[in-house]
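Quick note: the coordinates plus some simple rules give every number you see, no bench work behind them. In this text the structure is predicted, and so the values were computed from the model without any measurement. Here the Cβ positions follow ideal geometry from the backbone for every residue, glycine too, while neighbour counts run over all protein chains shown.
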Amino acid sequence: MNKIKLYNTMTRSVEDFRPIRDNQVKLYVCGPTVYNFAHVGNLRAYLFDDLLRRVLKFAGYEVQEGMNITDVGHLVGDGDEGEDKLELGAKRENTDPLTIARKYEDRFFQDMEKLNIERPEEVVRATDAIEEQLEIIKILEEKGFTYSDEFAIYFDTSKLSDYGKLTGQKLEDKKVGVREEVVVDQNKKNPQDFVLWFFLAGRYKDHILQWPSPWGKGFPGWHIECSAISRKILGQSFDIHAGGVDHIGTHHTNEIAQSEAAFETPLANYWMHNEFLNIDSTKMSKSLGNVYTLTEIEEKGFDPIDFRYFVMSGHYRSKLNFTWQALEGARSTLRKIRALKGKSSNVENRTNVIDIVKDMLYNDLDTPKALARLHEANDFELWKYFEPVFAFDIERDDLISDEVKELVKKREEARSVKNWQLADELRGKIEKMGYQVEDAQDGVKIVRQ
């Protein structure tokens, strides 16, 4: 089995990867909260997860992956503040939470397919794992890690000596409520305590999604679902837990606390996190309103795989700044790779290049160096060899899409009736989609820019 090194957030170091079983890797990734479209910042996390999965498989491991779908319990504030995101989405579209959840779950997996992201072997919705969540809460209660009031059952972080170990912060050093928009729940004994189960009381007395429990009707908090679902799919302990860096301080910290308090064994042996995708050097997020969806990228004439290449061009632990110019560069680069098909190569020793690129990929998924070495070789057969890792569709011909052809046809019709304004507008649209229109005596030619 090939030796792989991975950065472990828990130890803050690159370590030799040693799975629990010699040839099998159990991997868990936090899935989406399906109350709205996933934006490309969200999708970076799943491209990172897909890269990790593909590299492990390429190295000879059998991968069993699990993912949750959050369709209840994730509040607008990660620290138990605000409305349930699913109910908020339902109000926005004047429907019910589960209709919203299924709509955006379907859309998420459509985006995954367009990006060549492999679907995990098992995906479980939070609403399909209520019993498993209640079981963990019961164990925590029996062990004295909980307290309750009329509003909720809470996890008492003061009872856990190593709470916050994923961040490296001591409990007394954790700062809560420092942002103006955060309202600290005055019902908590400690500000960093978190809700395991909400009752139908107070601001959640009319919560639509609700289930019976030994303590009364209600719904689960956000963090408990991943502890329950990962255990349901993979058992505990498993090898790798992956997600975005925004999960480190709260969600993953709380997962670790409740799982390890309940079962007295590590939840996962390796914790891996991808960095943010920024736009204009600012974090991309729905709350800031500076987001793009994959559909919006397609509407500008880009292929989803252009975005895949753009993301792979940066290291997963480095912030990546999204610009349309950078995406154009990714598109141009992919075309050059595909254009190598059928051309002769000057590479004398492909095996040597393969070994070098493997070493780069196996050294904490160093895609920037690996891609640079492949570009230096400029050999289509080498790109084909690593296609199972990068999934760039390099065998695909860059054919002119039906949409572009239709715009060219409409432009010709406008020109025939001397509607030059419309013709110019259509030409502009075609150029934005990455094509150049050349008017010649023998007809119109469409050329890739």
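Here are the numbers for the structure shown:
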| read-out | value |
| --- | --- |
| Nearest-0.05 FRET efficiency for Y147 and E298, computed from C-beta distance (R0 51 Å) | 0.55 |
| Dipole in debye (nearest 20) - the chain, about Cα centre, beta carbon charges: Lys, Arg +1; Asp, Glu -1 | 980 |
| 20 °C / 1.002 mPa s Stokes-Einstein diffusion coefficient of the range 1-149, Kirkwood radius on C-alpha pairs, µm²/s | 121 |
| Cut-off under 5 Å, modelled amide H: who pairs with G244 long-range | N274 |
| Cα-centre dipole for the range 16-150 with unit charges at Cβ (Lys and Arg positive, Asp and Glu negative), debye to 20 | 760 |
| Violating pairs (Cα-Cα greater than 25 angstrom) within the set K85/K143; K57/K384; K114/K410; K138/K189; K319/K432; K103/K429 | K85/K143; K114/K410; K319/K432; K103/K429 |
| Read-out mean projected area of the Cα convex hull in nm², derived from the coordinates shown; its label in [x] 18.9; [y] 23.3; [z] 25.0 | [z] |
| The chain: angle of helix 253-263 to the longest principal axis, Cα-based, in degrees nearest 10 | 50 |
| Inter-probe distance in nm under a simple model that places probes 7 Å from Cα toward Cβ, at W324 and K369 | 3.6 |
| Computed over the range 5-274: relative contact order in percent, which uses C-alpha pairs under 8 Å that are six or more apart | 25 |
| Nearest 10 degrees, 0 to 90: helix 402-416 Cα axis against the chain principal axis | 50 |
| Simple spin-label estimate for V347 and E15 in nanometres, 7 Å along Cα-Cβ | 3.4 |
| Efficiency of FRET from Cβ geometry, N94 and E438, R₀ 51 Å, rounded to 0.05 | 0.55 |
| Length-normalised contact order for the range 55-104 - Cα pairs under 8 Å, 6+ apart - percent | 23 |
| Rounded tilt (10° steps) of 350-362 against the dominant C-alpha axis of the chain | 30 |
| Packing-based exposure ordering (other Cβ within 10 Å, fewest first) of L334, L98, L365 | L98, L334, L365 |
